[in-house]
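Here the structure comes first, spelled out in structure tokens, and everything after it is commentary.
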Amino acid sequence: MKIFEVEQIREIDQYTIQNEPVSALDLMERAAAAFAHEIKERFPREMPVHVFAGPGDNGGDALAVARLLQDAGFASVCTYLFNPGGRLSPSCAANREFLRSRTSKRQFVEVEKGVRFDLPYINGEMLVVDGLFGTGLSRPLGGAFAAIVKFLNHTGATIVSIDLPSGLMAEDNTDNDPEHIVKASYTFTFQHPKLCFFFPETAAFLGKWEVLDIRLSPEAIRILDTPYSLVEREELKALVRPLSRFAHKGTQGHGLLVSGSRGMAGAALLSAGGALRSGLGKLTVHTPGANIAVLQAGRPEAVLSVDPSESCFSCVPEVEMYNAVAVGPGLGLEEETAEALADLFAAMPRGKPLVVDADGLNLIARRLPLLRKLPPGTILTPHPKELERILGDCQNAYARLQMARELAQATHVLIVLKGAYTATIFPDRSVHFNTTGNPGMATAGSGDVLTGVLLSLLAQGYAPREAALLGVYLHGLAGDLAAREVGMRGMTASDLVRFLPRAWEELEA
């Protein structure tokens, strides 16, 4: 599913109006009907409703919703239209007349410049429809509108926002004032999610969000390019290669995992488990001597390549014989490990896939020239702090994403930026948000498992772009399956390894 920026959303609306054809007012009615349907499905008719409408098209949506809820039999619908500038959008003005013609003055209040407005009594047993501002907002709210937002946020009412919580901007909220943004209980957005839905600082204002189909032009959506998308199951299912009846370990890829240091054998175990549970034919783990007993007992399917050092990665093994290489989990930050990592990058044959995670990334952060040594198509898998160690401090998640896009383009690598909606960033700066996973995966070792999954896919012959998207999705799906059985609070990274086979099975079903 594509994620469009504000100007592109306007283009799609206009294309739909011109080519369906449909009037702007009828398109607004279509959106209002979809929104009102969700209200009718979720809330009782006896629940008092207060509708807050602004002067633009979002306000027009709100006025149409108020009319539709009245028609549906909601016992009490009070509407407040804020028009301080004396200028309504044409569709908002039309819906004002439709509503005013069938509503008493007590139930419909238009607040114009110079008119005193007494705030209504609203409590936690009531429903508020927020239609003050939508995607057209380009600056923080101030003055009377900021005061209304603060009032609404302190009523305790259930707030349902139309398309976007008022005060929230669809993309960049770096200079916004969080005190002047509606804190919605639900957000029903139209046709496509907005970019701000995928950042922790702004997602907090959305409550539970859902995308409503208002039948915008499929042709406009198809032809309009955007760097942002939400990865969906069907497109990933199409990437999965069927297993041949004559498959054997030699046809399923041979991966090299460089992982572990003294006291960090667990990272190697988890990463190895992720690789072996994702269809890899053979796995070799290069690890220091201190980890031999743990790995041979805990992951007997793996072959060990023992580093000359007892405690850390210090010597690069032969890499030509492997189909793909992963490095980083539990590696440690010793100086000789940093030297060995640089040697590994230099030894990688052209075109051989590489994954760098965890301490591999932390060592790059300490030696930034190593970025230039990464083979094109390398997959980096940082969490936000690991990325900031490389990039420097980022003001917020939006800024971090934009800097990551620049890094991916400049270094010709793929970046898997881990989080609630893990963002996979390609060298062309495109961003692909993942839809699987849950908070139970916020536990040590989860990323190590992902590294193993990615190594497995690359070694089996998946292209880096395919491997990154598919691996992230499967990793999250394993977490979702684990959450159903063991719960989110008690989940460990080992559970992800255990549920990977079922994740594969569910994806292919």
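Tallying residues that are in contact (Cβ under 8 Å) with a residue 12 or more places away in the chain and either under 22 Å from residue 49 (Cα atoms) or among the polar types (S, T, N, Q) (or both) within segment 148-179 yields 22. Here residue 129 clears all of (1) part of a strand (DSSP E or B); (2) more than 34 Å from the chain's Cα centre (by Cα) except the condition numbered (2). Taking segment 276-293 as the range and being more than 17 Å from residue 331 (Cα to Cα) and assigned to a helix (DSSP H, G or I) as the test, the residues that pass are 276, 293.
Got at least one residue in segment 97-108 being free of Cβ contacts under 8 Å to residues at least 24 places away in the same chain and in contact with a strand residue (DSSP E or B) (Cβ under 7 Å, 6 or more places away or on another chain)? Yes - at least one qualifying residue is present in segment 97-108. When only residues in segment 416-445 that are polar (S, T, N, Q) and surrounded by fewer than 22 Cβ atoms within 10 Å (Cβ to Cβ) count, which is farthest from residue 273 (Cα to Cα)? Only one residue tops the list, namely 430.
Restricting 361, 380, 391, 368 to residues that are farther than 13 Å from residue 407 by Cα, at pLDDT 95 or above, among the hydrophobic types (A, V, I, L, M, F, W, C) and out of contact with any Leu (no Cβ under 6 Å at 6 or more places or on another chain) narrows the list to 361. Every test in (1) under 19 Å from residue 10 (Cα atoms); (2) surrounded by 13 or more Cβ atoms within 10 Å (Cβ to Cβ) is passed by residue 139 save one, and that test is (2). Within segment 207-257, the set of residues being more than 29 Å from the chain's Cα centre (by Cα) and among the β-branched types (Val, Ile, Thr) comprises just one member, 251.
Looking for whichever is within 20 Å of residue 182 (Cβ to Cβ) and either over 36 Å from the mean Cα position of the chain (by Cα) or not assigned by TED's automatic domain parsing to the domain that holds residue 14 (or both) here; the options are 111, 51. Which one fits?
111
For segment 259-275, filtering for residues that are assigned to a helix (DSSP H, G or I) and either free of Cβ contacts under 8 Å to residues at least 24 places away in the same chain or over 19 Å from residue 322 (Cβ atoms) (or both) leaves 5.
Do any strands (runs of 3 or more DSSP E) entirely within segment 142-258 hold 3 or more residues that are touching an Asp or Glu at 6+ places or on another chain (Cβ under 6 Å), and if so, which?
158-162, 186-190
Take the residues in segment 241-263 that are surrounded by fewer than 23 Cβ atoms within 10 Å (Cβ to Cβ) and hydroxyl-bearing (Ser, Thr, Tyr), then tell me which one is nearest to residue 358 (Cα to Cα). If we take residues in segment 241-263 being surrounded by fewer than 23 Cβ atoms within 10 Å (Cβ to Cβ) and hydroxyl-bearing (Ser, Thr, Tyr), then 251 is nearest to residue 358 (Cα to Cα).
The values are calculated or read from the model by the stated rules, or taken from the named source; none is laboratory data. Predicted model, so just to flag it, every value in this text is computed and none were measured. Every residue, glycine among them, receives a Cβ derived from its backbone with ideal geometry; neighbour counts consider all protein chains shown.
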